[in-house]
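The structure appears below as structure tokens.
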Amino acid sequence: MTDEAMRLIAAARTAARHAHAPYSRFAVGAAVLLTDGSIVTGANVENASYGLSLCAETVAIATVSAQGRLREVVAVGVIGGLMDAAGQVTGDTPVRPCGRCRQVLNEAAQLGGRDLGVHCAGADGDDVASYRLSELLPDAFGPADLGIA
């Protein structure tokens, strides 16, 4: 595992501890690496009105955008797993971003002119799957298609 992946997975695991997932009991943490080496995290936030729930990746990207730094995203780490009775996140199977999150990440990727690294892991264990965003979302529609990026 690369240093980048290790840093992002560790930060995502910490973020997942703050997930609000009382309905699915599936916690997800995300960590976004910026060009200056700083990391911004997010955790999923579920809502009783299920459609209003937020994914961890979306929370992290929205935080980066609120800081005016959307073009500075370099890579993302994502972890997830089931919450046990004590609220601890468990599982060793790598969790990948959902389709919606891949599209949200693509916005930052195209605006910044980068093919983001995406590092995926479970809540536990050392198994990390690393991709380029273009592998997870080939032929993506984004700002470049609208002449913005």
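Restricting the first residue to the stretch 111-126 and requiring it to be open to solvent by less than 10 Å² (accessible area, probe 1.4 Å) and modelled with pLDDT of 95 or more, which pairs with a second residue that is basic (Lys, Arg) and in a loop (DSSP other than H, G, I, E, B) meet a Cβ separation below 8 Å and a spacing of at least six or different chains?
Correct list of pairs: 118/96; 120/96.
Tell me the residue from 112, 91, 147, 117 that is under 13 Å from the mean Cα position of the chain (by Cα) and not hydrophobic (A, V, I, L, M, F, W, C), please.
117
Name the single residue, out of those in the stretch 105-146 being assigned to a strand (DSSP E or B) and touching a Gly at 6+ places or on another chain (Cβ under 7 Å), that is nearest to residue 5 (Cα to Cα).
Of all residues in the stretch 105-146, those assigned to a strand (DSSP E or B) come to 117-122, 128-132.
Subsequent filtering for residues that are touching a Gly at 6+ places or on another chain (Cβ under 7 Å) retains 119, 122, 130, 132.
Values: 119: 6, 122: 13, 130: 8, 132: 12 Å.
Per the stated criteria, the residue is 119.
From the residues in the stretch 28-38 that are of a type outside the set (S, T, N, Q) and surrounded by fewer than 21 Cβ atoms within 10 Å (Cβ to Cβ), which one is farthest from residue 76 (Cα to Cα)? Let's see the steps before the verdict.
Taking the stretch 28-38 and keeping what is of a type outside the set (S, T, N, Q), we get 28-34, 36-37.
Narrowing the set further to residues that are surrounded by fewer than 21 Cβ atoms within 10 Å (Cβ to Cβ) leaves 34, 36-37.
Numbers: 34: 9, 36: 14, 37: 12 Å.
Among those that are of a type outside the set (S, T, N, Q) and surrounded by fewer than 21 Cβ atoms within 10 Å (Cβ to Cβ), it is 36.
Within the group 129, 48, 86, 66, which residue is in contact (Cβ under 8 Å) with a residue 12 or more places away in the chain, open to solvent by 40 Å² or more (accessible area, probe 1.4 Å), among the small types (Gly, Ala, Ser) and out of contact with any helix residue (DSSP H, G or I) (no Cβ under 8 Å at 6 or more places or on another chain)? Give the derivation first.
On the way: 129 fails: open to solvent by 40 Å² or more (accessible area, probe 1.4 Å); 86 fails: in contact (Cβ under 8 Å) with a residue 12 or more places away in the chain; 66 fails: in contact (Cβ under 8 Å) with a residue 12 or more places away in the chain.
The conditions single out 48.
The values are calculated or read from the model by the stated rules, or taken from the named source; none is laboratory data. Remember, predicted model here, so these are calculated numbers, not experimental data. Please note: Cβ atoms are built from the backbone with ideal geometry, for glycine as well, and neighbour counts cover all protein chains shown. Side chains are part of the model used for accessible areas, which takes the heavy atoms of the whole protein and leaves out ligands, DNA and RNA. Shrake-Rupley method; radii C 1.70, N 1.55, O 1.52, S 1.80 Å.
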